[in-house]
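What follows is a structure written as structure tokens; I'll ask about it next.
The values are calculated or read from the model by the stated rules, or taken from the named source; none is laboratory data. Predicted model, so just to flag it, every value in this text is computed and none were measured. As a convention, Cβ positions derive from the backbone with ideal geometry for all residues, glycine included, and neighbour counts pool all protein chains shown.
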Amino acid sequence: MKLFASLTSPYARKLRILAHELKIGLPLEETSPLDDAAALLAANPLGKVPALVLDDGQVIVDSPVIAAFLLANVPEQKLIAATGAAHWQALTTEALADGILDAAIVLRFNAVQGVTTGLWLERQYRAIDRALAVLAMRIGHSGFGDICIVVACEYLDLRFAHIDWRGAQPALAELQARLGDTPAFAATRPPA
């Protein structure tokens, strides 16, 4: 099994942290999705990371699907409930955190192209602010959800230091302070 990923991909980081917590060996094949490397395109025709190639050659793409696969392979795990309302709430927390990442990626790619203002970009900032407020109320519902929340917040630190999520949401700052230096988070911190 190997994971195609960029070291700065927050979606891949979520999986790397999850694998660390689940004690699953997850070899990394570092790749930039912008390079359109043949191996990545063979694994994921969308050219996106992360992509997980299993030992039998099957491929799983998209971080929520890969996360579900990793969690399903450790039935005794306690990071997310296997069924019921708590399971669906944890997946909703993941979706909200991933939504922050989606909005941040839109902002990042626009900024790289010199587009830093406009209706669409302002909408992304508002989405991030609203999702952060909701996530602050979802802390502690699941270990997996908390991982997703902190990954999203730390990605904002990496790419959007001007977003003061700590000041706006002190509960998120407390969660990040508690989890940010754990071995799984420390081992997966992206390069600056």
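Of the residues that sit in the range 115-152 and are among the small types (Gly, Ala, Ser) and in a helix (DSSP H, G or I), which one is farthest from Asp181 (Cα to Cα)? Reasoning before the result, please.
As a first pass, look at the range 115-152 and keep what is among the small types (Gly, Ala, Ser): 118, 127, 131, 133, 136, 140, 142-143, 145, 152.
Applying the additional criterion that residues be in a helix (DSSP H, G or I) yields 127, 131, 133, 136, 143, 145, 152.
Values: Ala127: 27, Ala131: 24, Ala133: 23, Ala136: 19, Gly143: 15, Gly145: 17, Ala152: 15 Å.
Once the filter is applied, the top-ranked residue is Ala127.
Evaluate the following for Arg130: is it among the charged types (D, E, K, R) and in contact (Cβ under 8 Å) with a residue 24 or more places away in the chain?
no
Hey, Tyr155 hits all of (1) out of contact with any Ser or Thr (no Cβ under 9 Å at 6 or more places or on another chain); (2) among the hydroxyl-bearing types (Ser, Thr, Tyr); (3) at pLDDT 95 or above but one; which does it fall short on?
Single failed check for Tyr155: (1).
Moving to a separate point now. Condition first: within 10 Å of Gly145 (Cβ to Cβ) and either touching a Gly at 6+ places or on another chain (Cβ under 9 Å) or of a type in the set (Lys, Arg) (or both). Now tell me which residues in the range 74-95 satisfy that.
Those that are within 10 Å of Gly145 (Cβ to Cβ) and either touching a Gly at 6+ places or on another chain (Cβ under 9 Å) or of a type in the set (Lys, Arg) (or both): Leu79, Ile80, Gln89, Ala90, Leu91, Thr92, Thr93, Glu94.
Can you tell me which of (1) crowded, with 19+ Cβ neighbours inside 10 Å; (2) farther than 28 Å from Lys78 by Cα; (3) free of Cβ contacts under 8 Å to residues at least 40 places away in the same chain is the one Thr116 doesn't meet?
(1)
Considering each of Ala81, Ala67, Ala103 in turn, give the residue that is touching an Asp or Glu at 6+ places or on another chain (Cβ under 8 Å) and of a type in the set (Gly, Ala, Ser).
Working: Ala81 fails: touching an Asp or Glu at 6+ places or on another chain (Cβ under 8 Å); Ala103 fails: touching an Asp or Glu at 6+ places or on another chain (Cβ under 8 Å).
The conditions single out Ala67.
Tell me which residues, restricted to the range 12-42, are farther than 16 Å from Thr188 by Cα and among the aliphatic types (A, V, I, L, M).
Matches in the range 12-42: Leu34, Ala37, Ala38, Ala39, Leu40, Leu41, Ala42.
Tell me which residues, restricted to the range 132-179, are out of contact with any helix residue (DSSP H, G or I) (no Cβ under 7 Å at 6 or more places or on another chain) and either outside the structural domain of Leu96 (by TED's automatic domain parsing) or aliphatic (A, V, I, L, M) (or both).
Within the range 132-179, Ala133, Met137, Leu158, Ala161, Ala177 meet the criteria.
Among (1) hydroxyl-bearing (Ser, Thr, Tyr); (2) closer than 21 Å to Val65 by Cα; (3) free of Cβ contacts under 8 Å to residues at least 60 places away in the same chain, where does Tyr155 come up short?
Of (1) hydroxyl-bearing (Ser, Thr, Tyr); (2) closer than 21 Å to Val65 by Cα; (3) free of Cβ contacts under 8 Å to residues at least 60 places away in the same chain, only one is false for Tyr155: (3).
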